[in-house]
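Asker: This structure is in structure tokens; I'll ask about it shortly.
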Amino acid sequence: MGVVARLLRPDDERQLIGWLFLRALALIYFAAFLSLSVQITGLAGPTGILPFQEVLDEASRQHGRLAWLHLPTLFWLSSSDAALVGATIAGCVASLLLLFNILPILCLITLFILYLSLYQAGQFFLNFQWDYLLMESGFLAILWAWYPSRLVVLLFHWLLFRLRFMSGLSKIVSGDPTWASLSTLNYYFETQPLPHVGAWYAHQLPEWLLQTGTAFTLFAELVVPFFIFLPRRFRLFAAGVTLVMQLLILATSNHNFFNLLTIALCLFLLDDGVVHRLRGITRTAPPAPVNQNRPALVASGLAGLLIFSSSLPLLFQMASGSPLAEPLHRWTVYVRNFGVGNAYHVFPVMQTERVELEVQGSLDGIEWRPYRYRWKPQALDRTPPFIVPHQPRLDWMLWFVPTQHPMQLYWFDRFLRRLWEGSSSVEHLLAGIPFPDQPPRYLRVIAYRYHFTTASERARTGDWWKREYLGIFPRIPPRHP
């Protein structure tokens, strides 16, 4: 009972830390909603790639009046372009209100519901680790703003532990040869979904340094996460290692707000004393007392049970390789539908080649012109852009299509059909279309293998990339993995 009593107390050592975390979360939410505002209609609107209304209709046919429990989203009211964009704008407004500490609990609840709704609407395009992480962080932030107990801090620690340790564990259990041989970084900078210019420079590093970086990654993900639950000096070490890791990723990769949110979660490994020392302030007055809030404590306890009941079985499943019993599997799916209790597994396998697909259109079947992407590698002399914290969902998803997995081919076929129809909302996702006055009569997809140039090749040609023609997609071998 002593442990439980301590968990139910307010965490007086992290009042400033909690304030900083909510400000950081507000900025991250703002970036996420703003990023979606210019994409969501092309992804999920009525004339988008995967209209969400089709999903809602199917869920209604399957589950009737209980469909909203299986698909929790505000867009049951309307899934029009105006509703989708309106949700992103409302998210931006609520983020700014939270940033200035105006009605923080109401803003956090609003932000969580809006992002959960957009997550459901985005389907494949929002089914990523950072989307889960933002929802679960936002959910815990509601509890913290309501009553900042040590129990909520424990849930934040458990979230960060799962993110880091499960990412490392997935690399081991996957059997991927590049992680086993410490050769992952020989490929990663070149083959990641959206590299920026820092990746080109990192790719030129000597092999011994790349192998050291791979070993450091495994250490940071398999060993360091356990320090989260140890005394203060170990937590500070875990925060430092994780911070270094995230900064290195930011310097070499475009992973939207993912690394920024991971850094923000590390705040809960610190305490207010660390912040005061960094600011050169000697703290003399005790923190203001926080009155106990029984409803908030009950809510935090129930939330903890919900999160652990889903995440622990998923961790066991990953570690053992054994499937969950069907009732337990259904339960974890149900919980995760509401944005919490997720599993995390960042880059469990590493791609060893980069295959890029260029969509081309023609009016006569003779002259072919390419569609131009906003952020993906295409023109060989274009500097790979740094776009953090923006998340271009179409550009990112196109990276998966060369695997020729049926799920990827399904949405890609829908994408091509929208281009053939001349959908303006989908065309807006691209940097340039070949025939602005009318849609093409014909479409084809050309596959190339891309490599970074060497330093000498870049000095000679000015190009960041070089490529070789593979053939007409999908009449080429699937990329593996």
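The numbers here are math on the coordinates, done by the rules we state, and not lab data. All of these numbers come straight from a predicted model, not from anything done at the bench. Cβ placement follows ideal geometry from the backbone for every residue including glycine, while neighbour counts extend to all protein chains displayed.
Asker: List Lys466, Lys171 from most exposed to least, where exposure is judged by having the fewest other Cβ atoms within 10 Å.
Answerer: The most exposed by this proxy come first: Lys466, Lys171.
Asker: Hey, another quick one. How about the range 355-436: which GluC sites (Glu not before Pro) there are in a DSSP loop, with at most 15 other Cβ atoms within 10 Å of their Cβ?
Answerer: The qualifying sites are Glu367.
Asker: Using alpha-carbon positions, what is the distance between the centroids of the range 418-453 and the range 130-164, in Å?
Answerer: 41
Asker: Mind giving me the FRET efficiency for Leu222 and Leu247? R0 is 22 Å, r the Cβ-Cβ distance, nearest 0.05 is fine.
Answerer: 0.65
Asker: Tell me, how many Å apart are the Cα centres for the range 23-70 and for the range 209-245?
Answerer: The two parts, judged by their Cα centres, are 35 Å apart.
Asker: Another one. Put +1 on the Cβ of each Lys and Arg and -1 on the Cβ of each Asp and Glu in the range 354-472; which of Thr453, Leu398, Trp420 then has its Cα farthest toward the positive end of the dipole?
Answerer: Thr453
Asker: OK, next. Which percent of Cα pairs goes in each bin when the distances of the range 411-481 are cut into 10 angstrom slices starting at zero?
Answerer: P(r) for the range 411-481, in whole percents per bin: 16, 32, 32, 19, 2.
Asker: Determine ³J(HN,Hα), in whole Hz, for all residues of the range 32-42 in sequence, where each value follows from phi through the Karplus function 6.51 cos²θ - 1.76 cosθ + 1.60 and θ = phi - 60°; x replaces Gly and Pro.
Answerer: Residue by residue, the range 32-42 yields 5, 5, 4, 4, 6, 4, 9, 10, 4, 5, x Hz.
Asker: Another question, if that's okay. Along the Cα-to-C-beta direction of Trp208, a point sits 7 Å from the Cα; which residues of the range 172-201 have their amide N less than 20 Å from that point?
Answerer: 181-187
Asker: Sketch the reach of a paramagnetic label on Ser309 as a point 7 Å from Cα along Cα-to-Cβ, and name the residues of the range 60-78 whose backbone nitrogen lies under 18 Å away.
Answerer: 69-72
Asker: Need one number: nm distance between label points at Gln317 and Leu69, each 7 Å from Cα along Cα→Cβ, rounded to one decimal.
Answerer: 2.0
Asker: What is the angle, in °, between the Cα long axis of helix 207-222 and the longest principal axis of the Cα atoms in the chain? Nearest 10 is fine, range 0 to 90.
Answerer: The angle comes out at about 40 degrees.
Asker: Give the relative contact order (percent, whole number) for the range 226-362; include only Cα pairs under 8 Å separated by 6+ residues.
Answerer: 15
Asker: How high is the relative contact order of the chain, given as a whole-number percent (alpha carbon pairs under 8 Å, six or more residues apart)?
Answerer: 21
Asker: What distance in nm separates the two pseudo spin-label positions at Leu34 and Val298, each 7 Å out from Cα along the beta-carbon direction?
Answerer: A separation of 4.1 nm, rounded to one decimal place.
Asker: If I take R0 = 56 Å and measure r between the Cβ atoms of Ser424 and Asp12 in this structure, what FRET efficiency does the formula 1/(1 + (r/R0)^6) give, to the nearest 0.05?
Answerer: 0.55
Asker: Along the principal axes of its C-alpha atoms, what lengths does the range 290-373 span, in descending order and rounded to whole Å?
Answerer: Here the spans come out as 72, 37, 25 Å, largest first.
Asker: For Val274, Val355, Val152, which order do you get if you count the other beta carbons within 10 Å of each Cβ and list the fewest first?
Answerer: Sorted ascending by nearby Cβ count, the order is Val274, Val355, Val152.
Asker: Still on this model: Normalising by the residue count of the range 325-481, find the relative contact order in percent from Cα pairs under 8 Å and 6+ residues apart.
Answerer: 32
Asker: Same structure again: Which net charge results when you count Lys and Arg as +1 and Asp and Glu as -1 among the other residues whose beta-carbon is under 14 Å from that of Asn337?
Answerer: Here the count lands on 0.
Asker: Quick one: grab Rg to one decimal and Dmax as a whole number for the range 354-472, Cα atoms only, in Å.
Answerer: For the range 354-472, the Cα radius of gyration and maximum Cα-Cα distance read 15.0, 44 Å.
Asker: Read phi for every residue in the range 373-387 and hand back ³J(HN,Hα) as whole Hz from Karplus 6.51 cos²θ - 1.76 cosθ + 1.60, θ = phi - 60°, with x for Gly and Pro.
Answerer: Rounded to whole hertz, the list is 7, 6, 10, 5, x, 8, 5, 5, 9, 7, 5, x, x, 8, 10.
Asker: Another question, then. Could you work out how far apart the two model spin labels at Asn127 and His480 are, taking each label as a point 7 Å from the Cα in the direction of the beta carbon, and quote it in nm?
Answerer: Rounded to a tenth, the inter-label distance reads 2.2 nm.
Asker: For the range 263-272, just list the computed ³J(HN,Hα) in residue order, Karplus coefficients 6.51, -1.76 and 1.60, θ = phi - 60°, integers in Hz, with x standing in for Gly and Pro.
Answerer: After applying 6.51 cos²θ - 1.76 cosθ + 1.60, I find 4, 4, 5, 5, 4, 6, 7, 9, 9, 4 Hz.
Asker: Taking only Cα atoms, what is the 0 to 90° angle, nearest 10, from helix 52-63's long axis to the longest principal axis of the chain?
Answerer: Value to nearest ten degrees: 60.
Asker: Taking amide H positions as placed 1.01 Å from N in the peptide plane, with prolines and chain starts having none, which residues 5 or more places from Val346, or on another chain, fall under 5 Å of its amide H?
Answerer: Ser167
Asker: Here is a further query. If you take every residue apart from Pro439 with its C-beta less than 11 Å away from the C-beta of Pro439, what net charge results, scoring Lys and Arg +1 and Asp and Glu -1?
Answerer: My count for the surroundings of Pro439 gives 0.
Asker: If you don't mind, another one. Pairing the Cα long axis of helix 150-173 with the longest principal axis of the chain, what angle in degrees results, from 0 to 90 and rounded to the nearest 10?
Answerer: Tilt relative to the chain: about 40 degrees.
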